[in-house]
Amino acid sequence: KPCPLCDEAKEMLEPYKKRFILQEVDITLPENSSWYEKYKYDIPVFHLNGKFLMKHRVDITKFENQLAKLELQND
């Protein structure tokens, strides 16, 4: 904290919040040290359904495409 890029990303994802569950991970906590080692210079990082999706900024087109694919798979 603070994380302006994280705040910006959450704002961009707000319109989609009914279509997915946003789980925030504080990589500075001791129990998240493996995430810290992997992503300490790349926050925010986004995974969708357990798979890496993007980092630094939200690519809304990529997010929408991947979310739609995931929704089709689950229908």
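The values are calculated or read from the model by the stated rules, or taken from the named source; none is laboratory data. This is a predicted model, so every value here is computed, not measured. For neighbour counting, all protein chains shown are included, and Cβ atoms are generated from backbone atoms with ideal geometry for every residue, glycine included. Note: areas computed on protein heavy atoms with side chains; ligands, DNA, RNA excluded. Shrake-Rupley method; radii C 1.70, N 1.55, O 1.52, S 1.80 Å.
Is there any pair with a first residue in the range 37-51 that is on the phi > 0 side of the Ramachandran plot and a second that is among the acidic types (Asp, Glu) and at pLDDT 95 or above whose Cβ atoms are under 9 Å apart and which are 6 or more apart or on different chains, and what are they?
none
With the condition being surrounded by 11 or more Cβ atoms within 10 Å (Cβ to Cβ) and within 12 Å of the chain's Cα centre (by Cα), I'd like the helices (runs of 4 or more DSSP H) fully within the chain carrying at least 2 qualifying residues.
Output list reads 4-13, 60-74.
Do any residues in the range 10-23 that are within 13 Å of VAL58 (Cα to Cα) have Cβ atoms under 9 Å from those of residues that are open to solvent by 90 Å² or more (accessible area, probe 1.4 Å) and not in a helix (DSSP H, G or I), where the two are at least six apart or on different chains, and which pairs are they?
LYS10/GLU24; MET12/ARG57
With (1) in contact with a strand residue (DSSP E or B) (Cβ under 6 Å, 6 or more places away or on another chain); (2) more than 27 Å from ASP75 (Cβ to Cβ) as the list, and LEU53 as the residue in question, which single condition is left unmet?
Among (1) in contact with a strand residue (DSSP E or B) (Cβ under 6 Å, 6 or more places away or on another chain); (2) more than 27 Å from ASP75 (Cβ to Cβ), LEU53 violates only (2).
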